[in-house]
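The values are calculated or read from the model by the stated rules, or taken from the named source; none is laboratory data. Quick caveat, the model's predicted, so the values are computed rather than measured. Positions of Cβ are generated from backbone atoms using ideal geometry, with glycine treated the same way; all protein chains shown enter the neighbour counts. The accessibility values were calculated without ligands, DNA or RNA, using every heavy atom of the protein model including side chains. Shrake-Rupley method; radii C 1.70, N 1.55, O 1.52, S 1.80 Å.
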Amino acid sequence: MQANPFQFTAKSIFPSRINIPTVHRQHRSPSLPPLLKPPCAISASTPNDAESSTPITMSTLEVVDDSVAAFRDYQFLFVSQRSETNDPVTLQVVEGAVPPEFPSGTYYLTGPGLFRDDHGSTVHPLDGHGYLRAFTFHGVSGKEVNVMFMAKYVKTEAQLEEHDPVTGAWRFTHRGAFSVLKGGQKVGNTKVIKNVANTCVLSWGGRLMCLWEGGGEPYEIEKETLETVGKVKLMEGCDPVVESGSDGRGFWDVAARLLKPILYGVFTKPAKRLLAHYKLDTHKDRLLMMSCNTEDILLPHNTFTFYEFDSNFKEVGKKEFIIPDHLFIHDWAFTTSYYILFANRVKLNVSGAMTSVCGITPTMTALSVNPTKDTSPIYLLPRFPNDVNYSRDWRVPIEAPSRFWLQHVGNAYDYLDENGNSEIQIHASVCSYEWFTLQKLFGYDWQSGKLDPSIMNLGRNQSKKLPHLVQVSISLDANGICQRCDVEPMNEWSKSSDFLVINPAFSGHKNNFVYAPTTSGSRSELPNFPFDMVVKLNLSTKSVHTWSAGSRRFVGEPTFVAKGSEEDEGYILVVEYAVAVQMCYLVILDSKKIGAADALVARLEVPKDLNFPFGFHGCWANNE
């Protein structure tokens, strides 16, 4: 029996609701739905002369800026949603209008849906079962565009085991990478890590797939119904071309051979872990993916394999690189010439490894960040070695002058200058090793099973440690020798930002515009995260423009939808989590007008019974 699509179970990872102090409610317009009012403009400061900003709008409830309200607001982002939709639900436009020329297609957004089972166990957001959301835009006779909403769990092997579809009950049996079990078996439980397919969603070659941060085979989804088709085996085929950074006869190769029977046999892990982040080379019409060997997570010896697929999912390229270092790769970049890896360095925590094997601590306590280098190694791995006209040794990384941990990449590209030198530009979000921790991402405390927003929010004098946008510039001479490597704040924008995106048509090639969620910094208790603005950065003019969701309204990753030939001609889709009224909205922005008062095109309301938790990554798929 499937759950009623309009039944909402608000089981948060936290105790019962905290009573927020009484606040003043302003009169709402009778022409608008309850708890929504016309915006009231207030002024907003700008970090530099080049920036312009949309006036910040106040929500129905005035700001209650104290630690209790901040704590409660943060929890709203991670409230479990157990219901699924049986049929598409038409979203109501509560502000503006969807223009009739809006492209027909679907915005897919994935992320966790469940954080607590019915037996006392809670999980980290990264361990939450994948919950796929779909916003489909249907044009009607060129006059009206309807937006239909659907949401369903990805029926992974772990989800089918942990959920009873008849009773609707959940019981976690897998420990997860970042969590421990409270109500299940600990010692002797070999179900250590579960593929929850909750990190990225891919639309390519007419197929839809959900991928997971911890690595593993993606799950294919039926595009119209969101029903799970099953696992997809993408990493089978011809042997790769191997580029080794070591002689292959070292101690760590022996250690890897000893680990394989344990990981593959006892813990039934796949030989390779497919990373969730993929890249699209639209100029070559290729899908680029990357994997690493499963045993490498415990060894200072990494084998990275890059795959290239055409639009029919035929494998057209496969290269393997062996790097003698202990790295933790979440995201990566590509250009016409290179695959680019930022060396997020980790080390084995022996005591944590022992306790995690016993089920006492999460699996990730076996690792800790390794800040022993003052620089940040960047590996430029040749994508097409025969096309590179110099014999640069890729095993020697570029050393960026400062130490940072890469979060996400927006874009990268390379070109030759007038002197024949190779110039490489990378747009990314980075944070400090001092702040980043594998055990407390999103502020999750595995011992208490609760979220602490203070982990994601630091004092103003420490905010530079948090994720922020940078531009990395590398210059190589004609012989491939590095002449320069600079890391600078992107357009001097120093506020906390992450999840940067571009117009995907420019991926791997020169782009002028970057979009990202960012913070206004206006709330003293939540100054850095969650994000409450969308920022547009013009890399040519160095200008910065922002749109603000308003007080006690947060935003996730934006997605660009193109509608013309110009790079910034299109729309930005972003989900707004309005904690002030405990609602979710889909917001449409005019990408050219961000920074202007009329940047907002439309705001659509998700039915309250179908509110969903904070999403991770999304994609846009045009109707074929």
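Side notes on the structure shown:
- Taking a straight line from the alpha carbon of K495, these lysines sit under 17 Å away, with near neighbours fewer than eight places off in the same chain left out: K464, K465, K536, K542.
- Over the C-alpha trace of region 371-460, radius of gyration and Dmax come out as 18.4, 59 angstrom.
- Rounded to the nearest 10 Å², the accessible area of V369 at probe 1.4 Å: 30
- A simple count of charges around N198, restricted to other residues whose Cβ falls under 11 Å of its Cβ and scoring Lys, Arg +1 and Asp, Glu -1, yields -1.
- For region 149-163, Karplus couplings with θ = phi - 60° (6.51, -1.76, 1.60), whole Hz, Gly/Pro x: 10, 9, 8, 8, 6, 6, 7, 6, 4, 5, 5, 5, 7, 8, 10
- Here, region 405-526 has an Rg and a Dmax of 17.3, 59 Å when only alpha carbons are counted.
- Local charge for Y74 was computed over the other residues whose Cβ lies under 12 Å away, with Lys and Arg +1 and Asp and Glu -1, and equals +1.
- Rolling a 1.4 Å probe over the protein heavy atoms gives region 519-579 an accessible area of 23 Å² per residue.
- Computed from phi, the 3J(HN,Hα) profile of region 364-374 under the Karplus parametrisation 6.51, -1.76, 1.60 (θ = phi - 60°) reads 5, 6, 6, 10, 9, 5, 10, x, 6, 9, 8 Hz, with x in place of Gly and Pro.
- Using a probe of 1.4 Å on the protein chains alone, the accessible area found for T282 is around 60 Å².
- Packing rank of 457-463, 473-479, 577-583, 497-503, where each peptide gets the mean count of other beta carbons within 10 Å, highest leading: 497-503, 577-583, 473-479, 457-463
- The GluC sites (Glu not before Pro) of region 422-501 that meet both conditions, a loop assignment by DSSP and at most 14 other Cβ atoms within 10 Å of the site Cβ, are E434.
- Sequence-distant residues sharing a close amide H with G570 (under 5 Å, placed H): K563, S591, K592
- Within the shell of other residues whose beta carbon sits under 11 angstrom from the beta carbon of G317, the net charge comes to +2, with Lys and Arg scored +1 and Asp and Glu -1.
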